[in-house]
Amino acid sequence: MPTPWVNNTELWIPLRVLLNIELHTRILKLAVFTLLPLTIGRLSKEILLRARSRLRLQHVKQPRFQIIQKSSTSHRTFATIADNPKYDYVFDVIVVGSGAGGLTAAVTATLIGKQKVLVVEKTKWFGGTSAYSGGAIWAPLNPLSLAQGFTDSREEVVQYLKTYLKDDYDEPLISAYLDSAPEMIKFLEAKSAAKFMPCMTPDYYMDIKGAKIAGRTLLNLNYDGRRLGALVKQVRYPLQGYSAFGSLQVDYPHMETFRRPFANWGNFAFVTKRMIWYTVDLLRYGKGTELTNGNALVGRLLESATKCGVELWNNSPAAEAILEKERVVGMIIRKDGRELRVRARKGVALASGGFGRSAQLSRKYLPNPDWSSSPRGNQGDGMRIGVASGGNLPPTLGDNAALWSPLSEYRAKKGPARKFPILARTSPNLATHAAGVRREYFIGDHRHLRRYGMGVALPSPYPIWRILRRNYFISAATIPELAVKLSMDPEILSGTIERFNGFARTGKDLDFGRGNGYYDQTYGDPDIKPNSCLAPIEKGPFYALPMYPGSGITMYGLETNEDAQVLTASGRMVPGLYAFYLQTVMKYLLKSILLRTYLRQPPSKCVLLHRLPSHRLYSTSMSNHLATPHSGVIYHVTIKIAPSNMTAFLSALRPCWAATRKDPECLYYEVFHSSTEPGTFSVVEVWAKDEAWITKNHIQRPYFKKYCEDTEHMWLKKDLVVLERLKGWNFVDESYLEGTAKTGELVE
C-alpha cells in the first residue's frame, strides 16, 4: 500500500528530510513513525492539523513536470521535463473529468495501451457525479452473474430493449454497449482494484418480454479508503441518502441494519462497531473511510490509477482544446494560477459531467433551470470544448435533457442552502409536469418520519431535533391545520389524503398502480399489508416536506459514434476527440428507458401526482398561481407531424418555446413528445388572461407568427382543447374546477 506522501496527487516531504534525521538513527525513526500516529489520533481534527504543521509535514505544490512510473514494483515517481518548447507537459492521453467514466478510460489506456495518461479534475474533489451516486451498473450478460447461475441471453436483452424503445432502438450503439459491457467488467475485475457483485435488482419493466428478475445489475464491493492514504480526503462526499452524519456511508445490504440498530444484538453490534471506527476516521482523516456505492467504485478506480502511474490533477479546469489542422492535439489547463499547454499525442477524452450547474445551459435546455443536485463543477465544460472543436449538439426538447428528481432544500446554520434529491424509489418513466405548479409537497405522518425518514431526516433512533428547528418540515397536528399552513383548501387536501388511505387499506392504487409490479415490491416494506408500498397517513403530527422539480444529472450533449468519437454536424469524426457518459446524447439506453416524457392523459390529467412507491407518503401538487380562484385559460394542443420533419419542426419550435415561457402573463408552457407515436407532440399552455387577450396579443407576436409559418405545412393533424374560467384544480380526481371545455379539431 503506498504511503500518503508518494501518491500522484498529493506530494509530501519525507519526515526524515524535514527533521534532518540521520539514516543510522533507526530507533528514533521507529518511535516517530509508530508512536506519533497513536498519540495524534486521540486529538481533535484541529489539533491534529496544528501538530502536523509543527512537524512541517505540509503539502508541496505540484511541480511543473509530468510524473511517470519509475518501476513496476515501486509506487515512487520521478520527474521529466517536457522536451517540446510549445508545451509545458506532454502525455499520450488527457482525460477531462475524474468520474467513473474518466478513471476507467485512464486505467484502460494505461494498462492496455501502455499510455502516459493525465486526468484533470476541475474541483477539489475526485469522483464527479459517480461519487454522488449509488454506483449500480446495468451490465447484461456480465461474467459474474452468469458464473453465479443467472440465466440470460443476447436475444432476451435485445428483445427487452426493442420492445420498449421501438423506433428509438439504435442498433450500432446498443450493439456496441452489449458487446463492451461484459468485457469491461471482466477486464476491471482482472486488472484493476474494482470489484463487483450481482444484486437482486429487477429490470424496471418486468411486464416486457425479455425482462429479468435479477442478474443484470451489479453493485460495488465496499472499499477501505485508508488504502488511498491522504488521497481519500479528496474523494467527493456522497449524497445524503447514501450516507449519514456527512460521510458515514452505508451500503444497500446494511441499510436495514442501520435503520433498526436495536432490533437485535447483531444489528446493535454492527452499528456500534461502525460508529466507533467512524469516530476514529474523523480524527485521523476528517471523514469516514468506509466507501460504499458510487464512492467505492471511485475509490477502487483511484487506487488502480495511482498504481499504474496515471497522473491526477485536481483544481485544474480544462479551458480549451488545442487544434492543429482540425485535429485536437492537446488542452489548455488552468492550474495554480497559470494556463498550461499540455500535449496529448493520442487524443483527448471528455468525461467532465453534465451541465446541471450552468445557469446559461440550463436555461437553454431545461424547463426548470434553477434546481439541481448535481456537483457544482458540472458546468458543461465538455460540451463547450467539444462544440468549439467542431462537435455537434443535436436538437432536443428540455424534458429529455435530464434525469429528473424532486429536490428538497436544507438550510444549515452556516453556509448556503443545499439541495437534496428525494431518493425514495420512483418509477423512472413518470415525471411530474404540472401545469403552473410552483411547489409540491411530500406529506407523511409521524410514524412514517420515524420509521423510514423523510429527505435528510434519518429514521429513529437517530435525532432529528436540529432538522426540525431549521424548519425543514412544515408540521401540524391535523391535516386541515396542515392545509392552512400550506395555503391549500383543507377539504381538498383532506380528500386527497383519504383517497390515498383508501388505496392503502385495499392494497390497490387506482391512480398509479404502486405495488403492482415486481420492481415496486422489491423496494417495499414486507411488514406492510396488503400492499408493501402503501400505508395510510393517520397518526399525527403530520409533516409536509416542500420539494421542487430539479435535475439530478443531465443527459444531453455531444453526438458520438459507437466508438465514443465526437461527430460533426455532417457526421464526420473530430480527430483526436472522444466523449462519453454525461457528455453525450444517451438516447440509446438511459435517455430512452429512464427519461421518456409522454403526456398519456388528456388535459385534465396534466397535474400529476408524482409516483412514489414508499410508505405513508404522498406527493400533492399545488400552485401559487392557482391556489386561489382567478380567471384564466388553458390550451392543450396536440400536433402530429411526419417523423422525417422532426428536426425542422424542433428547430422552429425552440425559439417560440423560449419566448413564450418568458411572457409574464404565461403561467406555464411546456412541450411533450409521445414515446409511442413518433411525431406526436402535446403543448400545454396556462395563461392568466382570457382567450380574447391571447388572440389579440400572443398570437399576433412575431415569434409565434414565424413558428406558424415555418411549421404549418408539416402538420398532419392538430387538435385543440381550451378550458376557460380557470378556478384551480381538484386534487382528488385531478380535474379542473369550474372549467368549461371546448374541443375542436382544427386541422385534418
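The values are calculated or read from the model by the stated rules, or taken from the named source; none is laboratory data. Quick caveat: nothing in here was measured; it's all calculated off a predicted structure. With ideal geometry, Cβ positions are generated from the backbone for all residues, glycine too; neighbour counts draw on all protein chains shown.
Worth a mention:
- Considering only residues in region 438-478 that are over 17 Å from Ile528 (Cβ atoms) and in a helix (DSSP H, G or I), the one that is nearest to the chain's Cα centre (by Cα) turns out to be Ile467.
- All positions within region 503-542 that are aliphatic (A, V, I, L, M), more than 12 Å from Arg447 (Cβ to Cβ) and out of contact with any Asp or Glu (no Cβ under 7 Å at 6 or more places or on another chain): Ala504, Leu510
- Scanning region 680-701 turns up no residue that is at pLDDT 75 or above, under 22 Å from Ser644 (Cβ atoms), over 37 Å from the mean Cα position of the chain (by Cα) and assigned to a strand (DSSP E or B).
- Test: residue in region 188-199 that is of a type in the set (Lys, Arg), within 30 Å of Gly309 (Cβ to Cβ) and in contact (Cβ under 8 Å) with a residue 24 or more places away in the chain: yes
- Residues within region 147-177 that are closer than 16 Å to Thr217 by Cβ, touching a residue at least 24 places away in the same chain (Cβ under 8 Å) and either outside the structural domain of Tyr204 (by TED's automatic domain parsing) or assigned to a helix (DSSP H, G or I) (or both), tallied: 5
- Any pair with Cβ under 8 angstrom, 6 or more apart, that starts in region 306-330 at a residue that is under 15 Å from Gly390 (Cα atoms) and ends at one that is among the polar types (S, T, N, Q): Ala321/Ser389; Leu323/Ser389; Val328/Ser389
- Tabulated pairs, region 709-720, first buried (at least 16 other Cβ atoms within 10 Å of the Cβ), second at pLDDT 75 or above and of a type in the set (Ser, Thr, Tyr), C-beta under 6 angstrom, 6+ apart or interchain: Asp719/Thr638
- Residue that is surrounded by the most Cβ atoms within 10 Å (Cβ to Cβ), among those in region 248-266 that are aromatic (Phe, Trp, Tyr) and touching a residue at least 40 places away in the same chain (Cβ under 8 Å): Tyr252
- Residue in region 397-413 that is surrounded by the fewest Cβ atoms within 10 Å (Cβ to Cβ), counting only those that are modelled with pLDDT of 65 or more and either part of a loop (DSSP other than H, G, I, E, B) or not small (Gly, Ala, Ser) (or both): Lys413
- Among residues of region 332-356 that are farther than 17 Å from Gly382 by Cα and at pLDDT 90 or above, those with a beta-carbon under 8 Å from a residue that is aromatic (Phe, Trp, Tyr) and assigned to a loop (DSSP other than H, G, I, E, B) at least six positions away or on a different chain give the pairs Arg341/Tyr87; Arg343/Tyr87.
- Failed criterion for Thr496 (all others in (1) part of a helix (DSSP H, G or I); (2) touching a helix residue (DSSP H, G or I) at 6+ places or on another chain (Cβ under 6 Å) hold): (2)
- Selected residue [closer than 21 Å to Tyr548 by Cα and either outside the structural domain of Lys539 (by TED's automatic domain parsing) or free of Cβ contacts under 8 Å to residues at least 60 places away in the same chain (or both)] from Ile497, Ile474, Ile467: Ile467
- Yes/no for Ala544 being surrounded by 18 or more Cβ atoms within 10 Å (Cβ to Cβ), in contact with a helix residue (DSSP H, G or I) (Cβ under 8 Å, 6 or more places away or on another chain), at pLDDT 85 or above and in a strand (DSSP E or B): yes
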